[in-house]
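Peer 1: Before anything else, here's the structure in question.
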Amino acid sequence: MAHLLSTTCSLDVSSSNKMHFKSINQCSTPIPTSFNMGISFSPLKKLSSQRKKSAQYVVRASAVSMSQEATNQNDSGSQQSTDAASTRKKVMVIGGDGYCGWATALHLSNKGYEVAIVDNLIRRLFDHQLGLDSLTPISSIHNRIRRWKSLTGKDIQLFVGDICDFDFLAEAFKSFEPDAVVHFGEQRSAPYSMIDRSRAVFTQHNNVIGTLNVLFAIKEFREECHLVKLGTMGEYGTPNIDIEEGFITITHNGRTDTLPYPKQASSFYHLSKVHDSHNIAFTCKAWGIRATDLNQGVVYGVRTDETAMHEDLVNRLDYDAVFGTALNRFCVQAAVGHPLTVYGKGGQTRGYLDIRDTVQCVEIAIANPANPGEFRVFNQFTEQFSVNELAALVTKAGEKLGLEVKTISVPNPRVEAEEHYYNAKHTKLIELGLQPHLLSDSLLDSLLNFAVQYKDRVDTKQIMPSVSWKKIGAKPKTVAA
Ligand SMILES: O=c1ccn([C@@H]2O[C@H](COP(=O)(O)OP(=O)(O)O[C@H]3O[C@H](CS(=O)(=O)O)[C@@H](O)[C@H](O)[C@H]3O)[C@@H](O)[C@H]2O)c(=O)[nH]1
């Protein structure tokens, strides 16, 4: 793990919505790479000596006391899981405490997969360091898992640690023995990666080395394990030709070949995913790894069937300018009466999908694994929108709810095309059975109502963009509270 961030680093926005940076030189405290949990847990029974070593990282939801009613449910649940254990696929969800990861872990558990979450909880630390918070109050990962167990009787194992620490990852692999690994465990914000040199380096180190470690763990311990890796549509950029799903057939000087589609990422974060894709493709060829790269678009929404079951299971919803993404941000902005922040001309077009489709797509990829040695790429989105189109949809939906919604054009903090051709294929997941939840009035209504419900938690100072692609420098950045 790169030793780049410290709890003394902070990044805030002043009341004038301008970012005031002051340099700091105390960014030296390493982020802990793993935690020996200071709470009670039950060590795995019948552990081999090797496995015993990993017990410090393992927390079982069943280790905590629960209500009598829940305990009764657990009893029957345990019985069911024992009966089904021999046939159930084991899925390790790396990054299972994050926005997409948490929803996916619950969905897979609900569908009968045996799930383990691997997470170093660093997403929560980023919020603490930057003075940000989810719109929705979220429970600790331990409470989340306990609540899931008490409601459904289903266990989710938890391994708290850093996948950049190979020893930790190796123990998690040997202990859980996954049939599939879903890898969401990356720093996923483009603006975060563009704050300063240390965040750029952290993002690429964390993402590229973490993925390399997962590849080595599969090779060493679970050769048959299918890697389902979250990539991004941003790997392709915005070329002036149609975007294919991973590969393009080119005829050049009379010869024809099918080659990886050209990559033109536009942030250090998006570039980290390009590097991952190359490493994964290489190891599929060299070692026979089976992998699916899910080039996901921008995700919106917050509720899934499972996270809606109890307030302890509620997912995070980011609206700030570092981690919040376009449509979610616009809904929160509309709810609090902040003008919608269209960057530049607003013609930036991307692929979008509902979080309910993220969980569905991952499940489809797991249920239909790649062959040994195959590097598959699926473009994971359901519809294309420009930023202006999103703003118009939110304005219309807001007006129906009696909200007065205005839009402003904000000087674009990013370096990106603001008017461009965009036509990306996305047929492979549909062919495998994806039934998309297209953006509808009712989804926008419910997202807006959700935002209105929690609007008192909104810190409006976090809305305007504060990270500039052009101004990034080597100097560590922070601001006074
Ligand atoms: O208030 C805003 C926020 C964003 N944008 C614009 O909306 C577009 C999308 O930005 P975003 O912040 O919603 O999404 P992005 O930074 O691209 O990243 C998000 O979506 C990516 C998929 S994709 O965009 O690369 O297809 C994922 O990989 C990332 O993890 C996720 O954070 C950009 O052109 C951006 O300039 C605005 O105009 N106003």
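The values are calculated or read from the model by the stated rules, or taken from the named source; none is laboratory data. The structure presented is a predicted model; accordingly, all values stated were derived computationally and were not measured. Glycine gets a Cβ as well: all are built from the backbone with ideal geometry, and neighbour counts include every protein chain shown. Ligands, DNA and RNA are stripped out before the accessible areas are found, and what is left, the full protein with its side chains, is counted by its heavy atoms. Shrake-Rupley method; radii C 1.70, N 1.55, O 1.52, S 1.80 Å.
Peer 1: Please work out if D318 is under 26 Å from D459 (Cα atoms), under 13 Å from the mean Cα position of the chain (by Cα) and among the acidic types (D, E). Give the derivation first.
Peer 2: Values: under 26 Å from D459 (Cα atoms): yes; under 13 Å from the mean Cα position of the chain (by Cα): yes; among the acidic types (D, E): yes.
Yes.
Peer 1: Considering only residues that are more than 18 Å from P413 (Cα to Cα) and either within 13 Å of the ligand (Cβ to nearest atom) or surrounded by 21 or more Cβ atoms within 10 Å (Cβ to Cβ) (or both), which ones fall in segment 305-332?
Peer 2: Within segment 305-332, E306, T307, L313, V314, N315, R316, L317, D318, N328, C331, V332 qualify.
Peer 1: Quick one: is F450 out of contact with any His (no Cβ under 7 Å at 6 or more places or on another chain), among the aromatic types (F, W, Y) and under 25 Å from T304 (Cα atoms)?
Peer 2: Yes: the conditions hold for F450.
Peer 1: Filter segment 226-241 for residues that are within 15 Å of the ligand (Cβ to nearest atom) and under 21 Å from F375 (Cα atoms) and give the result. It would help to see each step written out before you state the result.
Peer 2: As a first pass, look at segment 226-241 and keep what is within 15 Å of the ligand (Cβ to nearest atom): 229-239.
Of everything in segment 226-241, those that are within 15 Å of the ligand (Cβ to nearest atom) and under 21 Å from F375 (Cα atoms) turn out to be K229, L230, G231, T232, M233, G234, E235, Y236, G237.
Peer 1: Kindly provide the set of residues from segment 201-214 that are crowded, with 24+ Cβ neighbours inside 10 Å and either more than 16 Å from the ligand (Cβ to nearest atom) or over 17 Å from the mean Cα position of the chain (by Cα) (or both), ordered by number.
Peer 2: Within segment 201-214, just V214 meets the criteria.
Peer 1: Could you tell me whether any residue of segment 354-363 is within 14 Å of the ligand (Cβ to nearest atom), in contact with a strand residue (DSSP E or B) (Cβ under 8 Å, 6 or more places away or on another chain), over 21 Å from K111 (Cα atoms) and aliphatic (A, V, I, L, M)?
Peer 2: Checked against the condition, which is being within 14 Å of the ligand (Cβ to nearest atom), in contact with a strand residue (DSSP E or B) (Cβ under 8 Å, 6 or more places away or on another chain), over 21 Å from K111 (Cα atoms) and aliphatic (A, V, I, L, M), segment 354-363 yields no hits at all.
Peer 1: So if I check each of A217, A281, which one is open to solvent by 20 Å² or more (accessible area, probe 1.4 Å) and among the hydrophobic types (A, V, I, L, M, F, W, C)? Before the answer, list the steps.
Peer 2: Values: A217 fails: open to solvent by 20 Å² or more (accessible area, probe 1.4 Å).
Unique residue meeting the criteria: A281.
Peer 1: Can you find, within segment 397-411, the residue that is nearest to N449 (Cα to Cα) among those that are in contact (Cβ under 8 Å) with a residue 40 or more places away in the chain and open to solvent by 40 Å² or more (accessible area, probe 1.4 Å)?
Peer 2: Here is the first cut: in segment 397-411, the residues in contact (Cβ under 8 Å) with a residue 40 or more places away in the chain are 397-398, 400-401, 403-411.
Pick out the ones that are also open to solvent by 40 Å² or more (accessible area, probe 1.4 Å) and you get 400-401, 404, 406-409, 411.
Numbers: K400: 11, L401: 8, E404: 14, K406: 18, T407: 19, I408: 22, S409: 25, P411: 29 Å.
Only one residue fits best here, namely L401.
Peer 1: Here's something else I'd like to know. Which pairs turn up if I take residues in segment 256-278 that are free of Cβ contacts under 8 Å to residues at least 60 places away in the same chain and look for partners that are more than 11 Å from the ligand (Cβ to nearest atom) and of a type in the set (S, T, N, Q) with beta carbon separation below 6 Å, at least 6 apart in sequence or on another chain?
Peer 2: Cβ pairs passing all conditions: T258/T249.
Peer 1: A further question follows. Quick check: is even one residue across segment 242-251 within 12 Å of the ligand (Cβ to nearest atom) and surrounded by fewer than 22 Cβ atoms within 10 Å (Cβ to Cβ)? Quick ask: steps written out before the conclusion?
Peer 2: First pass over segment 242-251, keeping only residues within 12 Å of the ligand (Cβ to nearest atom): 243.
Restricting the remaining residues to those that are surrounded by fewer than 22 Cβ atoms within 10 Å (Cβ to Cβ) gives none.
So far as segment 242-251 goes, no, none of its residues is within 12 Å of the ligand (Cβ to nearest atom) and surrounded by fewer than 22 Cβ atoms within 10 Å (Cβ to Cβ).
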